[in-house]
1. I'd like the full set of residues that are without any contact (Cβ under 8 Å) to a residue 24 or more places away in the chain, outside any loop (DSSP other than H, G, I, E, B) and touching a strand residue (DSSP E or B) at 6+ places or on another chain (Cβ under 9 Å), limited to region 66-83.
2. Would you pick out the residues in region 86-103 that are touching a Ser or Thr at 6+ places or on another chain (Cβ under 6 Å) and modelled with pLDDT of 80 or more?
3. In region 21-60, what count of residues is obtained for those that are at pLDDT below 90, of a type in the set (D, E, K, R) and assigned to a helix (DSSP H, G or I)?
4. If you go through region 15-46, how many residues are under 13 Å from Val75 (Cβ atoms) and without any contact (Cβ under 8 Å) to a residue 24 or more places away in the chain?
5. Could you go through region 21-37 and let me know if any residue there is within 18 Å of the chain's Cα centre (by Cα) and exposed (fewer than 13 other Cβ atoms within 10 Å of the Cβ).
Amino acid sequence: MSQATLGDNPYHNSSLFSSYYLSDRIDDLDEWECDETARDAFERLRNLWELERDLVGAYEEDELLDAWIDTVTEVLGFDSLSETTLPDGGGYTDRLLFESPETRRDAAARKRDGDREDELYGLTDEDVEIVEAAVGE
């Protein structure tokens, strides 16, 4: 299996967006005012990749989650809960991502207080049907 390499740019244009948009226009967006934060995250991810690149392909699922995926999502600013039960007890997720540690804590407190899990995680009835279909319920 060939290993991917990270370039010097924080993106690889696969013709999804025009190069002009990525190099010139995107800088005008308010959301793009995070250059230093993005560079720091990119550097942390590059360093992690250099340490893990020869090992990632050999990891089993739990090892991959612990050594790679959890760290990547943390660097990107997400937080997660492991093996979270699906609504109505229809299985569980390996990882449930949250926008931030604060959102995760809020969801955990709501769960503790007895809120329905589908409401807790912001799932619509259609979302619940999709998840349940995916796990064979």
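1. Glu74, Ser82, Glu83
2. Within region 86-103, Arg95, Leu96, Leu97 meet the criteria.
3. Here the count works out to 9.
4. 3
5. yes
The values are calculated or read from the model by the stated rules, or taken from the named source; none is laboratory data. On a predicted model such as this, the values are computed, not experimentally measured, just so you know. Note: ideal-geometry Cβ built from the backbone for every residue, glycine included; neighbour counts use all protein chains shown.
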